[in-house]
């Protein structure tokens with residue numbers, strides 16, 4: 001079985017931390033016996049190349065210096081800050097469309113699996129129709145939330161859904177948005193952990209920690225994660241890009257309700273809002289000297305990042321639905337934190353409830369509610385048995401829904417079904 005995977009982003013070099021979940025998914029599909037090629041846009045003139053033994057076909061769509069529509073940051077965010085980038089969408093789709101036909105004519109895949117159907121469904125449709133190749137669309141949420149800002153996207157997505165032979169959604173939240181747009185059979189296909197990106201483990205078999213959200217790369221000497229001790233202050237850990245939908249400002253506000261001698265908030269990563277978040281943190285400290293200490297670590301090496309997980313007491317993702325209508329599609333970072341032995345406190349938005357079942361595999365709080373966040377941290381600090389119960393529930397949730405073997409088995413069954421239906 002041969003599958004052409006289409007996406008807007010794919011690792012550009014061996015140590016690139018872009019879309020590790022997609023890279024890991026491809027690795028597991030190949031392990032299951034599926035032949036894979038990838039079609040993705042060039043970045044600053046990047047030519048086609050191989051990653052992990054997988055051929056990545058790069059299509060050009062502009063002069064090299066202008067090929068910045070994808071990678072490093074989401075295209076919607078880039079276009080919001082630089083509206084002229086929207087002009088690149090037309091050559092992006094046309095050139096991707098042509099390259100997809102060329103690949104399919106030569107390689108003859110059995111299935112086309114297009115991630116982010118807007119606009120990649122339209123890159124895939126020509127080849128799918130011309131060569132009668134089943135089309136599988138994979139939604140991740142952002143393209144559906146885009147409808148709130150750009151109404152003209154709605155009919156395009158609705159049409160694309162009707163052309164697909166199967167639909168994947170990364171969360172039940174995303175699946176609900178698809179069904180509200182057009183009545184369709186939607187397969188829930190989440191991601192597993194990305195701790196073993198590109199199959200890397202150390203000599204003891206322990207996972208390499210590579211966190212894409214802070215734009216770090218893997219170390220040459222992988223780090224072994226061991227159970228973290230609970231001593232000193234209760235350490236609250238956030239790891240991720242400093243962007244609006246992460247809700248970091250509400251975590252900072254929660255410091256007001258946490259005693260400084262008992263709690264410490266550690267914020268890992270960088271992003272567009274880093275300077276603004278520093279200002280908010282200073283304001284909180286000045287107005288509430290006894291509030292929990294807030295530490296910004298910036299980017300970290302894999303070793304230092306592993307140490308943050310090792311010494312933390314809780315992992316938090318205070319996500320929100322941002323001003324663009326965007327939110328967390330799933331929250332793979334939560335799965336990783338669970339596997340590293342941290343209880344979870346997260347907002348009840350987007351796809352997060354697929355991972356965190358309230359009071360079973362973690363604690364859910366309303367979005368934009370610093371008091372609720374602080375109360376959840378206090379509960380965990382006061383009751384070690386609650387942490388033990390949540391960690392047991394988290395491992396159960398992962399084994400039931402988020403193992404790569406199970407995810408890939410379900411994907412392959414869908415591939416086989418659409419191929420059989422074609423015949």
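Here are the numbers for the structure shown:
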| read-out | value |
| --- | --- |
| Candidates 12, 260, 102, ranked by Gaussian network fluctuation over the chain, Cα under 10 Å, top entry | 102 |
| Neighbour-count ranking [beta-carbon atoms within 10 angstrom, fewest first] of 423, 324, 2 | 423, 2, 324 |
| Using alpha-carbon coordinates, inclination of helix 117-130 to the longest axis of the chain, degrees | 20 degrees |
| Nearest-ten-degree value, helix 404-422 long axis tilted from longest Cα axis of the chain | 20 degrees |
| Mean Cβ neighbour count within 10 Å, used as a protection proxy, ranking 311-320, 178-187 highest first | 311-320, 178-187 |
| Ratio of Rg to Rh over the chain (Cα coordinates, Kirkwood Rh, two decimals) | 0.97 |
| Modelled FRET efficiency - R0 45 Å, residue 304 with residue 413, Cβ distances, 0.05 increments | 0.65 |
| Cα centroid separation, the range 291-346 to the range 359-423 (Å) | 15 Å |
| With Cα atoms, 0 to 90° folded angle of helix 370-382 axis to the chain main axis | 70 degrees |
| Cα gyration tensor shape for the range 265-342, rounded if a/c is under 1.5, else prolate or oblate | oblate |
| Inter-probe distance in nm under a simple model that places probes 7 Å from Cα toward Cβ, at residue 375 and residue 152 | 4.6 nm |
| Mean-position separation - Cα centroids, the range 100-117 and the range 24-60, in angstrom | 12 Å |
| Simple label model, 7 Å out from Cα along Cβ direction - residue 422 to residue 86, nm | 3.6 nm |
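A short reminder: the numbers here are calculations on the coordinates, not readings from a lab. Treat the numbers as computed from the prediction; the structure is a model and nothing was measured. Positions of Cβ are generated from backbone atoms using ideal geometry, with glycine treated the same way; all protein chains shown enter the neighbour counts.
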